[in-house]
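Colleague: One structure coming up, written as structure tokens, with questions to follow.
The values are calculated or read from the model by the stated rules, or taken from the named source; none is laboratory data. Because the structure is a prediction, the values reported are computed rather than measured. Every residue, glycine among them, receives a Cβ derived from its backbone with ideal geometry; neighbour counts consider all protein chains shown.
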Amino acid sequence: MNRRNFLRSAAITGGSFYISQGLFARDNGDVYGHNNMRYRLDNKWGNLDPARFPVKDCHEMIQDKKGRIFLLTNETKNNVLIYNKSGKLLSSWGHEFPGAHGLTLSPEGTLFITDTDRHQVFKTTLDGKVLLTIDYPAESGVYQKKEAFVPTETTVADNGDFFIADGYGSQYVLHYNASGKLLGFFGGRGEGDKHLDNAHGITIDKRNGSPTLLVTDRTRNCFKRFSMSGELQEKIILPGACVCRPVIRGDHLYAAVLRSPDMGKEGSGFITILDKDNKVVSNLGGTAPVYDNGVLQQMQQAEKILHHPHDVMVDDDENVYVAQWASGKVYPYKFKRV
């Protein structure tokens, strides 16, 4: 299924799901997950008045140093909704990002927003002032027009360098310095392991000392680890899990699984959690992780609590928040660690 047909199909599904969304997350307060990573669901946590604070697709979430939780949506009446941990709305801003997709908090406390409709990436303050705009990288020599650049995610290094994953475009990872100068790129569409297909997310992983880049290869059900200069180091295979961006908190890696066991099955998402050895230890709404002779067996949705989860955010109390795409305009859910 190509992306255009996928989005059209999901839009139709999302509309019908809005009418019957009681079929999902109906057991508010129940506990989900496996082993010692288990969570109690609160599916009312982020609910607001949709007439005043509407959402379309709830794409991504971050938490700032003050504990505030930022939600990015492609609803231009309020692209960013800011909550406290109890789910109270603190403020909102943003009307200019119709394709708002990726939301990243930099070490210096600024935001990076990718816009798939505008084919641009924006660095902003926490209250929405645009500080830097990145257009399609014509200087790379591999992009001939802006439509080939459809950025989905960013990650930011301690020195201010940032990396853009062109996950809906030409599948490159592009490396920029803090001023927005292109320094290099790697990946790109292709069949070999060093290439990417639906490079939907990216993050810097420091858990084992030296920083590396974890990049989503969603249609191939895996994350790929690259050096900071773009050499492939490892594949983390997650059979049946069409993962979104990798999110690291402490020793664990969390990810929303948009669909399972492949991109063709609608309304089949769950959340997966891996330990520092890249072993799946818990699935929220998914089948229990099973290893056979050290090989992870296929995972898939087991409980109808999530439709199309698109991102997770883990707060300072290790609670998990889930933003969903094409899921009947639902607000974020909270899974409280138990």
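Colleague: What number of residues within the range 249-295 are surrounded by 22 or more Cβ atoms within 10 Å (Cβ to Cβ) and among the small types (Gly, Ala, Ser)?
Modeller: Qualifying residue count for the region: 8.
Colleague: Here is a follow-up. Tell me whether the range 299-311 contains one or more residues that are buried (at least 17 other Cβ atoms within 10 Å of the Cβ), without any contact (Cβ under 8 Å) to a residue 24 or more places away in the chain and more than 16 Å from the chain's Cα centre (by Cα).
Modeller: The answer is no, given that none of the residues of the range 299-311 is buried (at least 17 other Cβ atoms within 10 Å of the Cβ), without any contact (Cβ under 8 Å) to a residue 24 or more places away in the chain and more than 16 Å from the chain's Cα centre (by Cα).
Colleague: Another question, if that's okay. Would you tally the residues in the range 66-85 being of a type in the set (Ser, Thr, Tyr) and closer than 20 Å to Ala326 by Cβ?
Modeller: Result for the range 66-85: 2.
Colleague: Then there's this: Which residue, of Asn43, Asn79, is more than 23 Å from Gly285 (Cβ to Cβ) and within 20 Å of the chain's Cα centre (by Cα)?
Modeller: Being more than 23 Å from Gly285 (Cβ to Cβ) and within 20 Å of the chain's Cα centre (by Cα) holds for just one of Asn43, Asn79, which is Asn79.
Colleague: Of these, Gly87, Gly128, Gly167, which one is out of contact with any Pro (no Cβ under 7 Å at 6 or more places or on another chain), within 20 Å of Ile204 (Cβ to Cβ) and not in a strand (DSSP E or B)?
Modeller: Answer to the check: Gly167.
Colleague: How many residues does the range 241-269 contain that are within 10 Å of the chain's Cα centre (by Cα) and over 15 Å from Leu214 (Cα atoms)?
Modeller: 2
Colleague: Please go through the range 170-189 and pick out each residue that is without any contact (Cβ under 8 Å) to a residue 40 or more places away in the chain and at positive phi.
Modeller: The answer is Gln171, and nothing else.
Colleague: Among the numbered criteria (1) in a loop (DSSP other than H, G, I, E, B); (2) out of contact with any Cys (no Cβ under 9 Å at 6 or more places or on another chain); (3) modelled with pLDDT of 95 or more, which one does Gly29 miss?
Modeller: (3)
Colleague: OK, next. Of everything in the range 148-168, what is surrounded by fewer than 22 Cβ atoms within 10 Å (Cβ to Cβ) and small (Gly, Ala, Ser)? Give them in sequence order.
Modeller: The answer is Ala148, Ala157, Gly160.
Colleague: Also, quick follow-up: Take the residues of the range 93-135 that are of a type in the set (Ser, Thr, Tyr) and within 22 Å of Ala157 (Cβ to Cβ): which is surrounded by the most Cβ atoms within 10 Å (Cβ to Cβ)?
Modeller: Selected residue: Thr114.
Colleague: Is there any pair with a first residue in the range 132-160 that is over 21 Å from Glu60 (Cα atoms) and without any contact (Cβ under 8 Å) to a residue 12 or more places away in the chain and a second that is in a helix (DSSP H, G or I) and of a type in the set (Lys, Arg) whose Cβ atoms are under 9 Å apart and which are 6 or more apart or on different chains, and what are they?
Modeller: Ala138/Lys146
Colleague: Strands (runs of 3 or more DSSP E) wholly in the range 229-338 with at least 2 residues that are more than 26 Å from Gly29 (Cα to Cα) - which ones?
Modeller: Once the strands (runs of 3 or more DSSP E) in the range 229-338 are filtered for at least 2 residues that are more than 26 Å from Gly29 (Cα to Cα), what remains is 232-237.
Colleague: Let me ask you something else. Being of a type outside the set (Ser, Thr, Tyr), assigned to a loop (DSSP other than H, G, I, E, B) and touching an Asp or Glu at 6+ places or on another chain (Cβ under 9 Å) is the requirement here; does Arg225 meet it?
Modeller: no
Colleague: Of all the residues that make up the range 38-61, how many are under 30 Å from Pro289 (Cβ atoms) and surrounded by 20 or more Cβ atoms within 10 Å (Cβ to Cβ)?
Modeller: Qualifying residue count, the range 38-61: 10.
Colleague: Further question: Which members of the range 175-187 meet the condition of being in contact with a Leu (Cβ under 7 Å, 6 or more places away or on another chain) and of a type outside the set (S, T, N, Q)?
Modeller: Answer for the range 175-187, where residues must be in contact with a Leu (Cβ under 7 Å, 6 or more places away or on another chain) and of a type outside the set (S, T, N, Q): His175, Tyr176, Gly180, Leu182, Phe185, Gly187.
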